Amino acid sequence: MKKQLLFLGMGFTLLVMLILPPKLAAHCQIPCGIYNDNLRVMMIDEHITTIEKSMRLITELSQNPGENMNQIVRWVNNKDQHADELSNIATYYFLAQRIKVPESTGGEAYASYQSQLEVLHKMIVAAMHAKQTTDHQYVTELRSLLNQFVQSYFSEEDLKHLQSEHGIGHNE
């Protein structure tokens, strides 16, 4: 009887885990002051690379869909998950916490703010389009937008580190 209850409990737990979607969070929304912008940019870059690989494998496996259907589905899900995670970092980390609204609507600070908002919005839209297709133009667009964002967001010193250590943020 104890074994049956144990198996029933484990089965119920597994069922709940499968039914309830995992919560994705790029960072807490408590003003903790613990930020690592470089890490978030590297994570976005990794998500883009994963989206690109997923697209390539979906296309390759689709040459023989009957034999590869399970793998195709898994790669589609993988691509979508990484596009969502990229969007979450752009939204919940950068837009909600790191990009600050300037006090005045004029000058260089406001122009930089507007530029960063525009690039991040375009990045979120490109990630959405990447979920809808296997067209590599969206991967290219995401890489370009990430580089634009890095150019407008980071100081010269941080930019040099990202460029030399990680190959991110080069002018195109």
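The values are calculated or read from the model by the stated rules, or taken from the named source; none is laboratory data. Predicted model only: the values in this text are computed from it and were never measured. Backbone-built Cβ (ideal geometry, glycine too); neighbour counts: all protein chains shown.
For the stretch 157-172, the count of residues that are in contact with a Lys or Arg (Cβ under 8 Å, 6 or more places away or on another chain) and either free of Cβ contacts under 8 Å to residues at least 12 places away in the same chain or part of a helix (DSSP H, G or I) (or both) is zero.
Residues that are surrounded by 17 or more Cβ atoms within 10 Å (Cβ to Cβ), within 17 Å of V150 (Cβ to Cβ) and of a type in the set (S, T, Y): does the stretch 92-99 have at least one? The answer is yes, given that some residue of the stretch 92-99 is surrounded by 17 or more Cβ atoms within 10 Å (Cβ to Cβ), within 17 Å of V150 (Cβ to Cβ) and of a type in the set (S, T, Y).
Report whether or not M69 is aliphatic (A, V, I, L, M), free of Cβ contacts under 8 Å to residues at least 12 places away in the same chain and assigned to a helix (DSSP H, G or I). For M69, the condition - aliphatic (A, V, I, L, M), free of Cβ contacts under 8 Å to residues at least 12 places away in the same chain and assigned to a helix (DSSP H, G or I) - is met.
Residues are listed down the side, and each one gets a yes or a no for (1) surrounded by 15 or more Cβ atoms within 10 Å (Cβ to Cβ); (2) modelled with pLDDT under 95; (3) out of contact with any Leu (no Cβ under 9 Å at 6 or more places or on another chain):
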| site | (1), (2), (3) |
| --- | --- |
| I48 | yes, no, no |
| I51 | yes, no, no |
| M55 | yes, no, yes |
| N64 | no, no, yes |
| E67 | no, no, no |
| N70 | no, no, yes |
| N77 | no, no, yes |
| D80 | yes, no, yes |
| N88 | yes, no, no |
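Of the residues making up the stretch 130-151, those that are loosely packed, with under 15 Cβ neighbours inside 10 Å and either out of contact with any His (no Cβ under 9 Å at 6 or more places or on another chain) or assigned to a helix (DSSP H, G or I) (or both) number 5.
Please work out which residue is modelled with the highest pLDDT, limiting yourself to the stretch 24-42 and to residues that are surrounded by 15 or more Cβ atoms within 10 Å (Cβ to Cβ) and over 14 Å from R143 (Cβ atoms). Out of the qualifying residues, it is R40.
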